Amino acid sequence: MKIKKPSTIRGMNDLLPEVIATWRHLEKIIIKIVESYGFSEIRLPLLERTELFQRSIGADTDIVEKEMYTFKDRNEKSITLRPEATASMARAAITNGLLHNQQQKLWTMGPMFRYEKPQKGRYRQFYQFNIEAMGFSGPDIDAEIIIMCARMWRLLNLKNLRLEINSLGSGDTRKLYRNELITYFTKYKNNLDENSLKRLESNPLRILDSKNPDMRSIISNAPVMLDYLDPESKKDFEVLKKLLDGSGVKYEVNPRLVRGLDYYNKTVFEWITDDLGAQGAVCSGGRYDGLIEKLGGRSTPAIGWAMGIERLVSLYEVDNKRIENLKPYFYLVTDGNPALLKGFELAEEIRNNFPKNAIQMNMGAGSFKSQLKRADKSQAIYAIIIGEEEIENNTIGLKSLRAKGDQVEIHFDNIISEIKCIVE
Ligand code: ATP
Ligand code: MG
């Protein structure tokens with residue numbers, strides 16, 4: 001019986017070696033930048049108790065309603081593959097007592113899981129880079145984490161990213177605004193789509209986030225949060241704008257930007273590109289002053305952002321060449337067991353002396369001709385050749401694979417010093 005070719009689960013991708021160098025390049029620069037702003041790495045489990053996400057993200061959000069990978073484990077406990085990182089970060093800060101009279105600046109990176117409709121820029125397993133600053137009430141830190149993004153775009157040569165900001169206010173005025181929205185949308189009850197109707201009572205702010213074009217005109221005439229801001233939120237938003245102005249970071253105030261999760265308040269923002277079609281949000285963030293207390297910790301103001309790495313890589317490839325993987329510098333070809341033995345010894349010696357230059361040894365023998373073919377395919381610059389004759393003469397052959405010219409013979413005693421000349 002023929003076995004069917006196995007495939008990945010829909011929306012979950014293999015990341016092949018040819019793209020990894022670019023991923024690593026971006027990750028390396030981002031890590032360098034966030035660490036230069038004082039963020040430290042934290043690594044978290046991919047699985048958490050389902051209730052963590054229900055309680056933090058909110059029951060009436062797309063994520064909790066229909067996108068979570070939730071299972072019962074062998075103990076009949078409901079567990080969920082993390083759909084985002086903020087809830088886990090807040091949980092970890094509480095679990096490990098990281099917030100007792102302390103501020104924390106943390107970053108993490110890894111896969112998230114959401115059962116969405118897969119398409120370009122939208123996957124079921126996707127990767128995020130996340131930062132969270134806990135114990136900071138802003139708006140100085142709000143500005144700093146946005147300015148940090150602007151630095152990344154510059155250093156990564158990412159173009160065409162624009163920043164949208166908004167304030168969702170907090171406390172009682174948020175409730176007041178919520179009631180205004182309910183009153184407004186109730187007037188159009190007959191025109192609301194099913195989702196919006198459901199959200200009318202439970203989470204009217206989320207109606208503003210609707211992607212249904214039929215809802216656009218009703219939404220565009222809805223009351224605007226910025227008109228209802230409490231004095232503190234209003235002041236903070238003004239300071240944030242001044243700090244961004246002063247730092248030369250351009251932005252657009254988008255009063256409809258609400259973000260799809262329940263825990264946000266005050267500052268929210270999104271970096272958006274038009275270069276990637278419909279999936280334009282590259283980095284999204286906001287303040288979540290109430291979340292840590294809601295999860296059982298002491299009341300702690302906090303803010304963070306999440307960046308989609310696939311979208312970042314796609315945007316990078318619009319204006320930049322894909323980064324190539326490290327190629328071997330030498331490819332070592334041998335003939336016969338004594339040569340193989342010598343080859344192993346020499347390869348290790350070259351690795352000791354020239355750790356930056358990769359050397360790949362031919363494995364699985366083969367004729368000189370077929371070994372040299374492999375050497376060429378490996379894109380190495382030089383082939384090192386050890387045959388019976390070389391063993392007899394205590395030499396190796398060195399042949400350039402990229403330039404014309406004869407093979408040169410080098411005595412065993414001089415190998416390292418001669419190689420030093422060509423490598424440097
Ligand atoms: P979108 O509006 O595109 O659905 P979102 O508001 O759901 O994005 P967040 O939950 O804020 O996104 O996640 C932060 C970032 O993670 C997004 O800005 C995006 O770059 C990336 N992202 C979110 N969902 C996906 C996905 N399914 N596949 C790939 N990247 C994603
Ligand atoms: Mg989404």
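Readers should treat all values here as calculations from the given coordinates under stated rules, not as data from a laboratory. All values reported here derive from a predicted model rather than from experimental measurement. Here the Cβ positions follow ideal geometry from the backbone for every residue, glycine too, while neighbour counts run over all protein chains shown.
Please check which bits of the range 132-157 a label hung off Gln103 would reach, taking the label as a point 7 Å along Cα-to-C-beta and the cut-off as backbone N under 18 Å.
132-149
For the modelled label position 7 Å from the Cα of Glu389 along Cα-to-Cβ, which residues of the range 339-372 have backbone nitrogen atoms closer than 14 Å?
368-369
Using packing as a proxy for protection, rank 193-202, 147-156 so that the peptide with the highest average count of other Cβ atoms within 10 Å comes first. It would help to have the intermediate numbers written out before the result.
Details: 193-202: 15.3, 147-156: 17.3.
Result, highest mean first: 147-156, 193-202.
Going 7 Å from the Cα of Glu409 in the Cα-to-Cβ direction, what parts of the range 373-388 have a backbone nitrogen less than 15 Å from that spot?
Inside the label zone: 385-388.
Output the 0 to 90 degree angle, nearest 10, between the alpha-carbon long axis of helix 337-353 and the longest principal axis computed from the alpha carbons of the chain.
Around 50 degrees separate the two axes.
Tell me the label-point distance for the pair Asn157, Asp172, using the 7 Å Cα-to-Cβ offset, in nm and rounded to one decimal.
Here the answer is 5.5 nm between the modelled labels.
Based on the Cβ-Cβ distance from Thr183 to Glu324, what FRET efficiency comes out when R0 is 60 Å, to the nearest 0.05?
0.50
When you count, for each residue, the other Cβ atoms within 10 Å and take the mean per peptide, how do 359-368, 224-233, 126-135 rank with the highest first?
Packing proxy ranking, top to bottom: 126-135, 224-233, 359-368.
Going highest first, how would you order 70-81, 55-66 by mean Cβ packing within 10 Å?
For the peptides 70-81, 55-66, the packing ranking is 55-66, 70-81.
Pairs Lys28/Lys321; Lys72/Lys117; Lys241/Lys294; Lys234/Lys294: which are spaced more than 26 Å apart, C-alpha to C-alpha?
Lys241/Lys294
Using only Cα positions of the chain, each an equal point scatterer, no hydration layer, compute I(q)/I(0) via Debye at q = 0.08, 0.11 Å⁻¹ and quote the log10 values to two decimals.
Reported log10 I(q)/I(0), two decimals: -0.60, -0.89.
Just to be sure I follow the rule: in the range 330-423, considering lysines 8 or more places apart or on different chains, how many pairs have Cα atoms under 18 Å apart?
Step by step, the pairs that qualify in the range 330-423 add up to 10.
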